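The values are calculated or read from the model by the stated rules, or taken from the named source; none is laboratory data. Note that the coordinates shown come from a computational prediction; the quantities given were computed from them, not determined experimentally. Using ideal geometry, Cβ is built from the backbone for each residue, glycine included, and neighbour counts are taken over all protein chains shown. What goes into the accessible areas is simple: the full protein's heavy atoms, side chains included, and nothing from ligands, DNA or RNA. Shrake-Rupley method; radii C 1.70, N 1.55, O 1.52, S 1.80 Å.
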Amino acid sequence: MEENYSQVSLEERVSDQQPAEQTPKKGRKTALLVCGIVAGVLAAGYAAICGVAASSDTVLKGTSVLGVDVGGLTRQQIEELWQQEGPRLSNEMGISLMKDDEEVSRVSLSDLTVTVTPEDAANSAWEATHSSFLADGWNYIRSWFTTNDVSAPLSADEASLNEALDRISAGMASTVVDGAYRLDEEKSDGLYVTKPRDGVEVDSKLLREAIANAVATGDLSPIQCTYIPVSAQPIDLAALYEEIHGEMANAGYDKATGDLTDSRIGVEFDVAEAQALLAKAEPGEEIVIPGTVAFPVVEKDELENVLFRDCLGTYTTYVSGSSNRLNNVRRAAGVVNGYILNSGERFSYNRTIGNPNKENGYLTAPGYVGGKTVDVYGGGVCQVSSTLYYATLLSNLKIVERWCHQYAPGYITWGCDATTFYPSPDYVFENNTDYPIKIVTEYSSNNNLTVSIYGTKLDDTYVRMVSSTLSTTPSKVEYKEDDSLKPGQKVLEQSGYTGYFVKTWRNVYAGDGTLISSEVEATSDYEMRPTIYRIGPEKEEPKPEKEDTKPGEEPTEPEKPTEPETPETPAPEEPTEPAVPETPETPETPTPETPEEPAPETPEPPADPDPAEGGE
């Protein structure tokens, strides 16, 4: 009975289904219609979205360029934003340089002179969200759920990039220590020398290629550096000594070309001692080689602006005497004019003007030879050396050699003269300033000789010379007989001069008149010269002869001669105008007791008339 029920049920079910054969076809059409409608709606909606996205003039939300959020901005707004954010980004972004998976250095885009232009940043953001109508819709939908960081092309000037790559490669860490030396301006205790040490350094060629490729592709992934073994540069101390040893020299003046010369560091050390010390040092260690190091204080660029800028000192004397003497003074002054001394150099008056003889254009004029006034070639050239001496004193320069005249001169303050005679004695001074100096002479139409020294003055100090006559030796009168003269006739042979012992001080003052220093400059011992007259000797009276007497005879008394008339003694002839002036009167000079350091300045004593027409 159960079997029958099963069969009936099956049959019934089959019979029930047979009348409905057309129902599935109808349902499929409905489903397709619904799907079509939905698809149409979706398509229409997507098309609408695409239309909205395509018509927008801004990039989509969630968009950034190299980490800088630019979502919802127009192209112009992105460019303006990049003007502000671009430099920061160039400093922050870069490439890590690795050694054995460890970062040994990092190179920023700014180090590489690489930039992202505002235009490239705006274009990259726009193209990432606005490529085609359909893609724009999809990008629009995706922006609701995700963010999109966009890369941008890197811009680099090839020449600047190559220069940066050279700099970066050279700056990479290396274990190589080359042999080297250095001089420390803060310390003058010697030379600092580094002993060489071999090691490894980065292969700069491979590193350059890798960085250049990263910039070209925009791939800023870390770069593995390749290292190669390198031998250190040795240091030859003997060759180094020949290269750098010598005296310090400030920037100076080339007298041949008129150009300025470079300064030079002064270095001196013992090579054998240096080699022994370096041999004991560890590789890569820096040691101090004992020696002397002097750095210049005047560089070439500084000297260009101050060369011969200031008058350091000037002095004028009046030139008197014969035309020959005036010629000699003018000629010597002309030779000295324009003479230049660099720092540390010395000026020799005799070497500069040479032998003042006939061949060199000098004439005869009165001068002193063995204490006598005679005509000599070059008479008067000492007035140039004396005027120059006073100018150097006022310029506060170093005096090396100076001699006073034999007799006190009349054209310059006593104690401030300088006599010369070729080849000796000489007048020598040194340029002890840090800058070149120049001697300038002027000979005026009214016979005034001016000597000035030009250089560079860095302060307001000035010099005053102070002199004091410590003792005076009056001239004396001497007579010597001359048989060629008539009895009692007197002729002046030599004018006398008073002798003086004079001391001079060099006083240095600040600009406000405060005395900074007072030092004894020199002592000058001017000899006394006697006045000498030649005089004719008196004739002796003849004595009477004795008569012979025989023994036993009384001598007869001689006849008493009549007294002869006394001849009239002629008065001595007045001497003709001598070649030299009469004995000058002794000037009245203050003679205070002078301490080691003078107190107030003593007034300058008046000078004797210049002996021998203002001669030497």
Original post:
What is the Rg over Rh value, at two decimals, for the stretch 113-272, using alpha-carbon atoms and the Kirkwood definition of Rh?
Top reply: 1.27
Original post:
Do any of LYS398/LYS457; LYS195/LYS280; LYS372/LYS476; LYS457/LYS503; LYS372/LYS486; LYS255/LYS457 go past 18 Å between their Cα atoms, and which?
Top reply: LYS457/LYS503; LYS372/LYS486; LYS255/LYS457
**OP:** Quickly work out the ALA279-to-LYS29 label distance, labels modelled 7 Å from Cα along the C-beta direction, and quote it in nm with one decimal.
**Re:** 11.5
Original post:
What's the percent breakdown of Cα-Cα distances in the stretch 257-392 across 10 Å bins, shortest bin first?
Top reply: 9, 25, 20, 16, 14, 9, 6, 2
**OP:** Provide the per residue accessible area, probe 1.4 Å, for the stretch 480-529, rounded to a whole number of square angstrom.
**Re:** 45
Subject >> With every protein chain in place, the stretch 454-499: carbon and sulfur % of accessible area (1.4 Å) >> reply: 47
Original post:
How about the stretch 457-529: which trypsin sites (Lys or Arg not before Pro) there are in a DSSP loop, with at most 14 other Cβ atoms within 10 Å of their Cβ?
Top reply: LYS476
Original post:
Between ASP459 and GLU243, what length comes free when the chain is fully extended (0.36 nm per residue of separation minus the Cα-Cα distance, one decimal in nm)?
Top reply: 74.1 nm
**OP:** Pull up all non-local amide H partners of GLN494: gap of 5 or more, or a different chain, and H-to-H distance under 5 Å with H placed in the peptide plane.
**Re:** ILE532
**OP:** Enter the accessible area per residue of the stretch 59-211 (Å², integer; probe 1.4 Å; all protein chains in place).
**Re:** 54
**OP:** Filter the trypsin sites (Lys or Arg not before Pro) in the stretch 303-350 to those in DSSP coil with at most 13 other Cβ atoms within 10 Å of their Cβ, and list the result.
**Re:** ARG309
Original post:
Name the residues of the stretch 273-307 whose amide N is less than 11 Å from a point 7 angstrom out from the Cα of ASP189 along the C-beta direction?
Top reply: 288-291
**OP:** Keeping all protein chains in place, calculate the accessible area per residue for the stretch 308-447 (probe 1.4 angstrom), answer in Å².
**Re:** 38
**OP:** For GLU540 and GLN84, compute 0.36 nm times the residue count separating them, minus their Cα-Cα distance, and round to one decimal in nm.
**Re:** 151.5 nm
**OP:** With a 10 Å radius around each residue's Cβ, average the other Cβ atoms per peptide and rank 251-257, 415-421, 114-120, highest first.
**Re:** 415-421, 114-120, 251-257
